[in-house]
Amino acid sequence: MRKTARLALLCLTPLLAGGAVAQDFTAGSLKIGRPWSRATPNGAKVAGGYLTVTNTGAEPDTLTGGTFDEAGGVELHSMSMEGGVMKMAPVEGGLTIKPGETVTLKPGGYHLMFTGLKDPLKKGESVKGSLTFTKAGSVPVSFTVESLAAKAPGGEGGMEMKEGGGHHH
Ligand SMILES: [Cu+2]
């Protein structure tokens, strides 16, 4: 009996190893693409949250914030260059996603700011949280933690990206 159980577990391992791959989520007419965050150095108290939101419905909706299990708080920020300096600022009134539109939260642009981190985020982790929308309400998601240098979900800053080569991890 024991042996069988262990074998079954081994067979599942490749699937489980893929568990950290960024996922898509759906809430009504909103499609949430691949929420991810970045590993943090020891002692860091903040991290960014990135994703896309596509509105497939006929009514606009507004992203106003969310939650993140490993953080004390979540803020919605924009990032812009001002006189050669990157500046972050809270997004007043939230981010509206019009029908047919996709809004992207990414490094250097709009992002969720996770504040008061309880522990450093480690690459490969998956952290539960939620997104708050004016109409859709609270939508549960999970954020995949990518490497410190990642610029996009599933990427290593371009080093390890190999799409279509049958070379999936
Ligand atoms: Cu920020």
Since Pro107 meets every condition but one in (1) under 19 Å from Val141 (Cβ atoms); (2) away from the ligand (no atom under 14 Å from the Cβ), which condition does it not meet? (2)
From the list Glu70, Glu59, Glu92, pick out the single residue that is in contact (Cβ under 8 Å) with a residue 24 or more places away in the chain, surrounded by fewer than 14 Cβ atoms within 10 Å (Cβ to Cβ) and assigned to a loop (DSSP other than H, G, I, E, B). Glu59
Please count how many residues of the stretch 76-85 are more than 10 Å from the ligand (Cβ to nearest atom) and touching a strand residue (DSSP E or B) at 6+ places or on another chain (Cβ under 9 Å). 2
Restricting attention to the stretch 111-118, does a residue exist that is basic (Lys, Arg) and more than 14 Å from the ligand (Cβ to nearest atom)? yes
I need the full set of residues from the stretch 36-53 which are in contact with a strand residue (DSSP E or B) (Cβ under 6 Å, 6 or more places away or on another chain) and surrounded by fewer than 18 Cβ atoms within 10 Å (Cβ to Cβ), in order please. Val46, Thr52
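Each value in this text was obtained by applying a stated rule to the coordinates, not by laboratory testing. In this text, all values refer to a predicted model and were calculated from it rather than measured experimentally. All Cβ positions, glycine included, derive from the backbone under ideal geometry; neighbour counts span all protein chains shown.
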